[in-house]
Amino acid sequence: DAGITQSPRHKVTETGTPVTLRCHQTENHRYMYWYRQDPGHGLRLIHYSYGVKDTDKGEVSDGYSVSRSKTEDFLLTLESATSSQTSVYFCAISEVQGASYEQYFGPGTRLTVT
Amino acid sequence: RKEVEQDPGPFNVPEGATVAFNCTYSNSASQSFFWYRQDCRKEPKLLMSVYSSGNEDGRFTAQLNRASQYISLLIRDSKLSDSATYLCVVTSGGGADGLTFGKGTHLIIQP
């Protein structure tokens, strides 16, 4: 299995509070991603990073920010959590080779915003 | 909007049977294709990449039809452990952000 960990694995927070999720990899892969997964939806990309301090928005980036100060860590921050951000959050990594974009996922973080 | 469509199922299949499901994609410029497997309350895991010539990995066979823009996955001699949700994933070209995930097909193998 790819060396990807996420913390915390479960979190319950109140509306309006800031929340930071952490993704840590030991594979030295260049690309890192944050997705959310909700019933009735496929995995949706929130933000991704293509290198240290290089990030870009995904499909559902509103209300989220990210930072990557080291190759191995990618942080996702909800500045002011809302109930619509209750979801399962997955981090993924990839090392793009040619036309292959195989991604490997972390175990996920279950976030509940009350 | 780029779409990847899958029959959500569930597909209820007896153990030992062969099961196949398809995925269609809307972006004709898509370059790479994958099947992922996701168990309940777990992360998606790469099952196999799908190559233009088709490819096989043990009991699993993946096919790509670019003209009709669909990908198929065939599972032979199904096992109870094959019960999972199978996600079709398509790259839409461009950068590494260009993955589009289907919502998944739920497969239940019955003893």
Practice prompt. For every other residue with a beta carbon closer than 14 angstrom to the beta carbon of A:R110, add +1 if it is Lys or Arg and -1 if Asp or Glu, then tell me the sum.
Written response: +3
Response to the item:
With R₀ set to 30 angstrom, the calculated FRET efficiency between the beta-carbons of A:D73 and B:S49, to the nearest 0.05, is 0.60
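Relative contact order, percent, of chain B when contacts are C-alpha pairs under 8 Å separated by at least 6 residues? Intermediate values should be presented prior to the final figure.
Working: 280 pairs, mean separation 42.1, N = 111.
Relative CO of chain B lands at 38 percent.
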Practice prompt. Distance between Cα centroids, segment B:19-43 to segment A:30-71: provide it in whole Å.
Written response: 20
Worksheet item: Pulled fully out, how much extra length does the chain show between A:R9 and A:V96, if you take 0.36 nm times their separation in residues and subtract their Cα-Cα distance?
Response: 28.6 nm
Fill in: Two-decimal ratio, the protein assembly as shown, of alpha-carbon radius of gyration to 2.2 N^0.38 Å
1.02
Discussion item. What does the net charge come to around B:Q63 if you take all other residues with beta carbon closer than 13 Å to its beta carbon, with K and R at +1 and D and E at -1?
Written reply: -1
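Whenever you get a sec, compute what percent of the accessible area on segment A:3-103 sits on carbon and sulfur atoms (1.4 Å probe).
Details: 2180 of 4720 Å².
On segment A:3-103, the fraction of accessible area on carbon and sulfur atoms equals 46 percent.
How much net charge surrounds B:S83 when only other residues with a Cβ under 11 Å from its Cβ are counted (Lys, Arg +1; Asp, Glu -1)?
-1
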Practice prompt. Take the alpha carbon gyration tensor of segment B:1-51, find the square roots of its eigenvalues, order them as a ≥ b ≥ c, and report rounded if a/c is under 1.5; if not, report prolate when a/b exceeds b/c, else oblate.
Written response: prolate
Worksheet item: Label-point separation (nm) for B:R66 and A:V52, each offset 7 Å from Cα along Cα-to-Cβ?
Response: 3.9
Response to the item:
Given the candidates A:Y48, A:T77, B:C40, the one whose Cα lies deepest towards the positive end of the charge dipole of the protein assembly as shown, counting +1 at each Lys or Arg C-beta and -1 at each Asp or Glu C-beta, is A:T77
Fill in: Charge dipole magnitude, Cβ of K and R +1, D and E -1 - chain B, Cα centre, debye nearest 20
140
Worksheet item: Just B:S32, B:S52, B:S68 to compare: in a GNM of chain B, with alpha carbon springs under 10 Å, which one fluctuates most?
Response: B:S68
Fill in: Radius ratio Rg over Rh of segment B:47-87, counting only Cα atoms, Kirkwood formula for Rh
0.99
Discussion item. Let me check against my output: what whole-number percent is the relative contact order of chain A, with C-alpha pairs under 8 Å and at least 6 apart?
Written reply: 35
Response to the item:
Note: B vs A interface, total accessible area buried (1.4 Å probe; ligands, DNA, RNA excluded), nearest 100 Å², is 1800
Fill in: Averaged over B:36-48, number of beta-carbon atoms from partner chains that fall within 10 Å
4
Worksheet item: Exactly which trypsin sites (Lys or Arg not before Pro) in segment A:1-98 are in a DSSP loop and have at most 13 other Cβ atoms within 10 Å?
Response: A:R9, A:K53
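If you count, for every residue in A:39-50, the Cβ atoms of partner chains within 10 Å of its Cβ, what is the mean?
Whole-number average of other-chain Cβ neighbours for A:39-50 is 4.
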Worksheet item: Of all the accessible heavy-atom surface of chain B, with the other protein chains kept in place and a 1.4 Å probe, what percent is carbon and sulfur?
Response: 48
Worksheet item: With the other protein chains left in place, how much accessible area per residue, in square angstrom, belongs to the protein assembly as shown at a 1.4 angstrom probe?
Response: 47
Worksheet item: Using a basic spin-label model with each label point 7 Å from the Cα along Cα→Cβ, how many nm lie between A:T20 and B:T18?
Response: 5.4
Discussion item. If I ignore ligands, DNA and RNA and count only protein heavy atoms, how much of B:V19 is accessible to a 1.4 Å probe, in Å² to the nearest 10?
Written reply: 10
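The values are calculated or read from the model by the stated rules, or taken from the named source; none is laboratory data. The model shown is predicted, which means the values in this text are computed figures rather than measured ones. Reconstructed Cβ throughout: ideal geometry from the backbone, glycine too, with neighbour counts over all protein chains shown. These area figures cover heavy atoms from the full protein model, side chains too; ligands, DNA and RNA do not enter into them. Shrake-Rupley method; radii C 1.70, N 1.55, O 1.52, S 1.80 Å.
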